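The values are calculated or read from the model by the stated rules, or taken from the named source; none is laboratory data. Note that the coordinates shown come from a computational prediction; the quantities given were computed from them, not determined experimentally. Only protein heavy atoms, including side chains, enter the accessible area calculation; ligands, DNA and RNA are left aside. Shrake-Rupley method; radii C 1.70, N 1.55, O 1.52, S 1.80 Å.
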Amino acid sequence: MTEATNDTRPETIVFGAFDRHNFGDMLIAHVLTKMLPNRPLRFAGLRERDLRPYGGHFVEAISTLAASYGDQTIDIVHAGGELLTCDAWEAAIMLAPADQVEAMINEYPAWAQKPAEWAQLHLGVHARAPYVLSKAHCPAARRILFNAVGGVDLEQLDPIMFAEVADALRHADHISVRDAFTQRRLDIAGVATRLLPDPAVMVAELFGDVIRDRAACEAFSALRDACPNGYLAVQFSADFGDDRTLDEIAVQLDIVAAQHGLGVVFFCAGIAPWHDTVEIYERTRQLMRTQSAYIMTSPHIWDICALIANSRAYCGSSLHGRIVAAAFALPRVNIRHPARLTNQSKQTEFASTWEDADVPGEVSVNQIIRGVENALRLEQEKLQRIASALVSEYQAGFPAVAGRLR
């Protein structure tokens, strides 16, 4: 009887933005796999992609996958990430092949004129916010759940898109969000949510052995030999790439490296369009005087985790760079793009929700020295306590998600 019941359980579709190379979203999919053991899982995004060569999953297109079930019921779990505010035009650009990015950017007028129809044509989902699924999109869905999703820019959405997102959430079976700002904004809109840290806080707990094995390879041994006092793991997205900004970053990193005897290792936290590029790091390295400045070119997510986990500190624009550093109880600080005037971001909101007030959140480019200094001053006991608390919070909150899939 037990076997028959297990065999007939609805399949669970884990849905998210891990259909492109962004190591944080790809990590989230792995965490959900571990947190939902002994369940039939399939992974879906907006486009079919095979990201297994980078440590990710084979990802199916949700439009095709959901339609394939016919009269069968399914459960859908939004895996996490900043899904609530990603519009279809942005999603299409990030999913576009390199030779089609410019053409997709030029599609903006058509998207702005008829957004839902444009999304249906290009992504197969009739929605302004294509990473927010509702039962209207997926009639076969028995349960639709949102796991630790983010929406810091909800206030910037146009009213129609915000109403679409809020309506989908009101009809969901469970919603948890990863920061207090998103929770407050949805509460105003009449959407009840729970707070839950980003799933990637579990990376050291669930995948510590995998990451340690990755760090034992020859390439990492050579890096440790080249940086005997350790290194700063540095990352920033391609939109930091104007000459003035790179000059400032190079100067700041040179001073940090000299003051602490550190090397500097650049890495890409994502290689999809609008993410990071090795070329930007090479330009920065050429501007630096520090001899121990290197670039890790591997886009494999376990190599990225190993690089962060074995660093003295993380400094970059990626939220998940920060979260992986936090999971391994390491100093961290985010850097703010010069064009952004507000202090509010998914990085600052996550930090203010889950970390102590004296842990550096986000600094401007010309404050990297001070930000790294403040991060390195933190006591290891405090960093370990925060890491343990994040794991405990996620372990305590996730059963509310898993329990609805029974």
> Taking a temperature of 25 °C and a viscosity of 0.890 mPa s, what whole-number D in µm²/s does Stokes-Einstein yield for the range 125-243 with Rh from Kirkwood over alpha carbon pairs?
Replying inline: 137 µm²/s
>> Going by amide H atoms built from the backbone, whose H comes under 5 Å of the H on His21, apart from near neighbours?
In response: Ile271, Ala272
> Using a 1.4 angstrom probe and counting only protein chains, how large is the accessible area of Lys135 in Å², to 10?
Replying inline: 80 Å²
>> What whole-number volume per residue, in cubic angstrom, does the convex hull of the C-alpha atoms of the range 195-327 give?
In response: 112 Å³
>> If amide hydrogens are placed 1.01 Å from N in the peptide plane, which non-local residues have theirs closer than 5 Å to the one on Ile295?
In response: Phe266
> Taking the chain as a Gaussian network, where each spring joins two C-alpha atoms under 10 Å apart, which residue of Leu378, Leu145, Leu133 fluctuates the most?
Replying inline: Leu378
> For the chain, what are the DSSP H helices with axial Cα length of 24 Å or more and mean Kyte-Doolittle hydropathy of at least -1.0?
Replying inline: 243-260, 380-397
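With both partners inside the range 1-82, how many of the DSSP beta bridges are antiparallel, as a percent to the nearest 5?
On the way: 2 of 13 bridges.
Around 15 percent of the beta bridges assigned by DSSP in the range 1-82 are antiparallel ones.
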>> Using a probe radius of 1.4 Å on heavy atoms only, what accessible surface per residue do you get for the range 260-406? Whole Å² is fine.
In response: 40 Å²
> Using a 1.4 Å probe, how large is the accessible area of Ser68, given in Å² and rounded to the nearest 10?
Replying inline: 80 Å²
>> I need the shape label for the range 280-321. Rule: rounded when a/c is under 1.5, else prolate if a/b > b/c, else oblate, with a, b, c from the alpha carbon gyration tensor.
In response: prolate
> By accessible area of protein heavy atoms, probe 1.4 Å, what ranking do Thr73, Thr290, Thr284 get, highest first?
Replying inline: Thr73, Thr290, Thr284
> Within the P(r) computed for the range 264-406, what percentage of the Cα pairs occupies the region above 27 Å?
Replying inline: 25 percent
>> 5 Å is the cut-off here: which amide hydrogens, built 1.01 Å from N in the peptide plane, fall below it relative to Asn310, excluding neighbours closer than 5 in sequence?
In response: none
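Probe radius 1.4 Å, ligands and nucleic acids ignored: give me the carbon and sulfur share of the accessible area of the chain as a rounded percent. Don't jump to the answer; show the numbers that get you there.
Details: 8340 of 16990 Å².
So the carbon and sulfur contribution to the accessible surface is 49 percent.
Could you state the accessible area per residue of the range 50-186 in Å², with a 1.4 Å probe and every protein chain left in place?
Accessible area per residue: 41 Å².
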